[in-house]
Each structure stands twice: as structure tokens, then as C-alpha cells.
Amino acid sequence: MQGTGAIVMAAVISGLKVTKQSFAEQRLLVYGAGTAGTGMADQISAAMEREGLSREEAKKRVWLIDINGLVTDDMQDLPDYQQEYARPAAEVAAWAREKGKNGDKIGLLETVKQIKPTILIGTSTDHGAFNEAVVKALAAGVERPILLPLSNPTERIEVMPEDAVRWSDGKVLIATGIPVPPVAYNGVNY
């Protein structure tokens, strides 16, 4: 396992200790489905399998978003590493779409609202992608979501921790890919 993968697994394990949940109970959304993000999905889905899910059940608990939106099986030229996580197009046919560079796509906010991920990982370098609407939707869908905006440097991170803590009213369990000081919110240091 690469260093980043090991750190992500440690962060998720720490988060699961707080939520008192297992890997098998998670719904993972990776925003930035390149080789790094998909590799993290591989590690987390493998942990789901170790806890008793079949490979097929584990894959059904993982969603990937790349530059073209939610990865679906009707997309042309999907890289090998994304193919096993591609969602059936029929499964998401009724989901709202937004305009993208390459046509309509299912975006981040719609996916968060629909699947209520327990873990949201950012490896997109899309600064500000985890905006207030996304973080509030994440916190509305799950009691203590695990939020990992991992892109770096600072100008590339999906959300700054102080914003995510405030927008979620302190609900998110957050770890970043950049050094940040503790965040004080409602008398608690995060």
C-alpha cells in the first residue's frame, strides 16, 4: 500500500472508532477519480470485503466522480481502474444533471444528496468543490460524516477545515492533505 493509501486508511479507521461503525456499513464517494482516488476506493472496498461483504456488495457501496461527473457504465473510454466502480446508467437515470465541459453530467451535490455518503474523499485539486451546499448536504445525510479533502497544496484543497466544521455545525470528522491549525468552534477544538 502506498503512503497516502495508508494514511487514508488510518484516518478512516479513526473516524470509524468515533462513529462506532464498520467498513461494511460505509458508503464511499471519491471526488477526483484518478489513479490515486480510485486506489483509495480499492483499499476501502477491500476492507469492506474483509468485514464480510462480497466483492459485488463492496463495489455497490463506492461511487466515483471524475471531471465528467459521476462515473457510469455508459461513459465512453473509461480507464480500466474506474470500470469496476461505474454505476449502472439506469440506476441514476432520474438524477438531476448539470452542464459540464463534455455535456450533461451528474455532479457532486446531486450525488451527495442521493447517496448520503458516510465518507467523502477529495483528490480532485478542485479548490472549493466541497462548498457550503455540499458540506451541509453531507452533514444532513449522516450523523458524523468522514470528510477527507486531500488535495494539496492549499490552493487546491476541496474545502478548508474551518469552513467544513462551521458549515456542518461540528459534525464532520475531518482530516486534510495540508497542514492546518486546530479549528475552534462552539468551545471545541477540532
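Before moving on, here are some points about what is shown:
- Answer residue from the range 16-33, given it is over 19 Å from Ala58 (Cα atoms) and touching a residue at least 24 places away in the same chain (Cβ under 8 Å) and is surrounded by the most Cβ atoms within 10 Å (Cβ to Cβ) among those: Gly32
- Meets criteria (more than 23 Å from Val142 (Cβ to Cβ), aliphatic (A, V, I, L, M) and without any contact (Cβ under 8 Å) to a residue 12 or more places away in the chain) for Ala93: yes
- The residues in the range 99-117 that are acidic (Asp, Glu) and farther than 14 Å from Tyr31 by Cβ can be counted, and the count is 1.
- Within the range 58-90, the set of residues being surrounded by 13 or more Cβ atoms within 10 Å (Cβ to Cβ), of a type in the set (D, E, K, R) and touching a residue at least 12 places away in the same chain (Cβ under 8 Å) comprises Lys59, Arg61, Asp66, Asp73, Glu84, Arg87.
- Only a single criterion out of (1) without any contact (Cβ under 8 Å) to a residue 60 or more places away in the chain; (2) outside any loop (DSSP other than H, G, I, E, B); (3) within 18 Å of Val62 (Cα to Cα); (4) not aliphatic (A, V, I, L, M) is not satisfied by Thr111, namely (1).
- Checked across the range 85-108, the condition of being acidic (Asp, Glu) and within 23 Å of Ile7 (Cβ to Cβ) holds for no residue.
- Residues being assigned to a helix (DSSP H, G or I) and either charged (D, E, K, R) or at pLDDT 95 or above (or both) - total across the range 12-36: 11
- Checking each residue in the range 37-84 for being assigned to a loop (DSSP other than H, G, I, E, B) and of a type in the set (Lys, Arg) picks out Lys60, Arg61.
- Answer residue from the range 44-56, given it is surrounded by fewer than 18 Cβ atoms within 10 Å (Cβ to Cβ) and either touching a residue at least 12 places away in the same chain (Cβ under 8 Å) or touching a His at 6+ places or on another chain (Cβ under 6 Å) (or both) and is nearest to Asp77 (Cα to Cα) among those: Ala46
- Candidate set from the range 160-178 (those that are β-branched (Val, Ile, Thr) and modelled with pLDDT of 95 or more); member that is nearest to Val188 (Cα to Cα): Val165
- If the condition is being under 21 Å from Met40 (Cβ atoms), in a helix (DSSP H, G or I) and modelled with pLDDT of 95 or more, then the range 121-155 contributes Val134, Val135, Leu138.
- A residue that is over 11 Å from the mean Cα position of the chain (by Cα), within 26 Å of Ala6 (Cβ to Cβ), of a type in the set (Ser, Thr, Tyr) and crowded, with 23+ Cβ neighbours inside 10 Å occurs nowhere in the range 110-129.
The values are calculated or read from the model by the stated rules, or taken from the named source; none is laboratory data. These numbers were taken from a predicted model, which means no experiment stands behind them. Virtual Cβ from ideal backbone geometry, glycine too; neighbours counted across all protein chains shown.
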